[in-house]
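The values are calculated or read from the model by the stated rules, or taken from the named source; none is laboratory data. Everything numeric here is computed off the predicted structure, so don't read it as measured data. No Cβ is skipped: glycine too gets one built from the backbone with ideal geometry, and neighbour counts run over all protein chains shown. For the accessible areas, the whole protein counts, side chains as well, though only heavy atoms, and no ligand, DNA or RNA atoms are used. Shrake-Rupley method; radii C 1.70, N 1.55, O 1.52, S 1.80 Å.
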Protein chains: 2
Amino acid sequence: MDEPRWLDEQEDRAWRGYRRMRRLLDLELARELMQDAGLSEPDYDVLSDLSETPEQRLRLSELADRMLWSRSRLSHHISRMQQRGLVTREECATDGRGSVVTLTPAGRQAVEAAAPGHVAAVRRHLIDLLTPAELAALGTLSHRVVDHLTGRPTGRPEAKD
Amino acid sequence: MDEPRWLDEQEDRAWRGYRRMRRLLDLELARELMQDAGLSEPDYDVLSDLSETPEQRLRLSELADRMLWSRSRLSHHISRMQQRGLVTREECATDGRGSVVTLTPAGRQAVEAAAPGHVAAVRRHLIDLLTPAELAALGTLSHRVVDHLTGRPTGRPEAKD
DNA sequence: TCTAGCTTGATGACATGTCAACCAAACTGC
DNA sequence: GCAGTTTGGTTGACATGTCATCAAGCTAGA
């Protein structure tokens, strides 16, 4: 590592652009979501993931895994959402330790109310700005990066590919 | 907005992929950076931005703008970094209200020590996984999105383009 | 069956980020 | 000069996320 390979101009442009986009897109989407629907992005993600399941309910750990959140974070967050009446926490029938998070009618209503506007915002600020080729590239590249990051359990084994 | 245009399969794939990549990449880069250099990503970004200036010093507001941070956030963060001896806060000579953030020798040393490993991680987990075409697409697309988001001062005027 | 060890989830202490209130310096126009 | 406003930055209260720890419940091997 004596002679690090710094990023060339093209690479630097992509990396900086990515980070800036990341930040700005996040701010704007969060802002609009809060303003229009009174939900934070984490709220929306929880509700959205729950509403995509057939029973509108998931084990806490299952939900945490899908969202790539720690259990602790989800537990805290569910407590807050529970207080607002968006979800409920129930005991799991098959595992005495477990708890099951369920969408309440109010929760379901909240996502359904929020979704059209949120999707429109995602389109307006990202999707509809891309050419078909860019859209395809983004899909392909992001999945490759995800696979790479999830493929190696943990740590940084010397790349052997 | 009665009939929202949901994302089609291609779009959904890109959007989900993007978010998943975003999250995983962030976690991994932050993890490595902390482990290898004892810095959080925000720490690194502050130090990195400062070290890119000729004088290793910036007005607080200037730095905040570059980083897309609120002044309040930066002020808090600088206080913490100051305590750790990475930066100092000085009064601005030309504007009695202002403060200037300066990299300390320890701060400079910290970035320089961290940079090679961090760049290597960015390569390993992102840049080097992309084809030249994908790299170019990412650069182009992200800058377009950034321009779009910064072009409109605030709010959501009906798109007129 | 008993038990050691793992898993699940909750919790409290702490780090970090946000928001609004505030202060002081610096413009602005009279 | 100097009221009124704007700007730059700080601060404290609060929201959120992380980490370590704990209790309870599973699971598997002796």
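Odds and ends about this structure:
- Residue in the range A:98-112 that is within 15 Å of DNA strand D (Cβ to nearest atom), among the polar types (S, T, N, Q) and outside any strand (DSSP E or B) present: no
- Residue ID - farthest from the other protein chains (Cβ to nearest Cβ), chosen from residues in the range A:76-97 that are within 8 Å of DNA strand D (Cβ to nearest atom) and either more than 17 Å from residue A:62 (Cα to Cα) or in contact with a helix residue (DSSP H, G or I) (Cβ under 7 Å, 6 or more places away or on another chain) (or both): A:80
- Filter result for the condition that a residue is under 24 Å from residue A:145 (Cβ atoms), of a type in the set (D, E, K, R) and more than 10 Å from DNA strand C (Cβ to nearest atom), over B:16, B:57: B:16
- Of the set (1) open to solvent by 30 Å² or more (accessible area, probe 1.4 Å); (2) touching a strand residue (DSSP E or B) at 6+ places or on another chain (Cβ under 6 Å); (3) within 16 Å of DNA strand C (Cβ to nearest atom), all apply to residue B:83 but (2).
- Residues of the range A:22-45 that are touching a residue at least 24 places away in the same chain (Cβ under 8 Å) and of a type outside the set (Gly, Ala, Ser): A:25, A:28, A:29, A:32, A:33, A:36, A:39, A:42, A:43, A:44.
- The residue pairs whose first member lies in the range B:138-161 and is at pLDDT below 55, whose second member is of a type in the set (Lys, Arg) and open to solvent by 60 Å² or more (accessible area, probe 1.4 Å), and whose beta carbons are closer than 7 Å, counting only pairs six or more residues apart or on different chains, are B:159/A:124.
- Residue that is nearest to residue A:82 (Cα to Cα), among those in the range A:24-61 that are open to solvent by 70 Å² or more (accessible area, probe 1.4 Å) and part of a helix (DSSP H, G or I): A:34
- Hits in the range B:44-73 - residues which are near DNA strand D (Cβ under 10 Å from one of its atoms) and within 14 Å of chain A (Cβ to nearest Cβ): B:64, B:65, B:70, B:73
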